[in-house]
Amino acid sequence: SIKACLFDLDGVLVDTAKYHYLAWKRLADELGFTFTEQDNEKLKGVSRMASLDILLSVGQLEFDDAKKLELAERKNSWYFESISKMDHSEILPGALEFLKACRENGLKTALGSASKNAMTILNNTGLTPYFDAIIDGTHTSQAKPDPEVFLLGAKALSVSPEQCVVFEDAEAGVEAAHRAGMSCVGIGSADTLGKAELIVPSLQEMTIDRLKELNAV
Ligand code: B16
Ligand code: MG
């Protein structure tokens, strides 16, 4: 039976993709090329350095590792300015309610995010107390679709992978969940998340009853 829910951050609990986009766009502007919102779709769920590589390929630019680190740090300082101003009003519809429902029903909760900025976002939005474990980009060495982040989450909660359900908005995250041996609820549209066991537009449409309908229960 399901004992735990593991949540991705960006795109599931908060919409930080817009702030990532603004910061990456500013970097592209400085480097002299156009970075569109459509290009930005490719960065969702992807780690910071892998995101930079995708951005630079759009601009057909190449730099050495030291320069790339400097560019990533510059982007992150702009991104950090945006997330520093976040508050509880930026929690996505239904997210807080579903986290509360999980705990009221005896389910454990964990965060499983690629972001190294997750703690800042959770603290500013007031979400930190709703998690029994927090695994983010500061704890992992492998990016999604590698299952590391979710396996660490299960371990921290002392549950086995088949007792976990992952909530993800990115294709790479759905794959990571499956490689971890967990079922996955896709948050978004079937176009990109078709492999998830269940797809809902947002956590607003998610209930404990629907969770129980998953095969894993
Ligand atoms: P940072 P998630 C991911 O968060 C974002 O979706 C992705 O766009 C970002 O590049 C990545 O975090 C790393 O974030 O630069 O803050 O370390 O969806 O895994 O919660
Ligand atoms: Mg995400």
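Could you tell me how many of the residues in region 83-101 are in contact with a Ser or Thr (Cβ under 8 Å, 6 or more places away or on another chain) and farther than 17 Å from Phe131 by Cα? The total comes to 6.
Answer yes if at least one residue in region 151-163 is among the aliphatic types (A, V, I, L, M) and under 23 Å from Glu97 (Cβ atoms), and no otherwise. Yes, because at least one residue in region 151-163 is among the aliphatic types (A, V, I, L, M) and under 23 Å from Glu97 (Cβ atoms).
Taking region 102-145 as the range and being of a type in the set (Lys, Arg) and within 9 Å of ligand 1 (Cβ to nearest atom) as the test, the residues that pass are Lys116, Lys144. Inspect all residues belonging to region 153-163 and state whether any of them is at negative phi, under 13 Å from the mean Cα position of the chain (by Cα) and not aromatic (Phe, Trp, Tyr). Within region 153-163, none of the residues are at negative phi, under 13 Å from the mean Cα position of the chain (by Cα) and not aromatic (Phe, Trp, Tyr).
In region 37-85, the qualifying residues are those that are within 16 Å of ligand 2 (Cβ to nearest atom) and part of a loop (DSSP other than H, G, I, E, B), and the one that is surrounded by the most Cβ atoms within 10 Å (Cβ to Cβ) is Gly45. If the condition is being on the phi < 0 side of the Ramachandran plot, touching a strand residue (DSSP E or B) at 6+ places or on another chain (Cβ under 8 Å) and within 13 Å of ligand 2 (Cβ to nearest atom), then region 1-36 contributes Leu6, Phe7, Asp8, Leu9, Val12, Leu13, Val14, Thr16, Ala17, His20. Within region 1-33, being part of a loop (DSSP other than H, G, I, E, B) and within 14 Å of ligand 1 (Cβ to nearest atom) holds for Asp8, Leu9, Gly11, Val12, Leu13, Asp15, Thr16.
Throughout, read-outs are computed from the coordinates displayed, never taken from laboratory work. On a predicted model such as this, the values are computed, not experimentally measured, just so you know. Ideal geometry is used to build each Cβ from the backbone, glycine not excepted, and the neighbour counts take in all protein chains shown.
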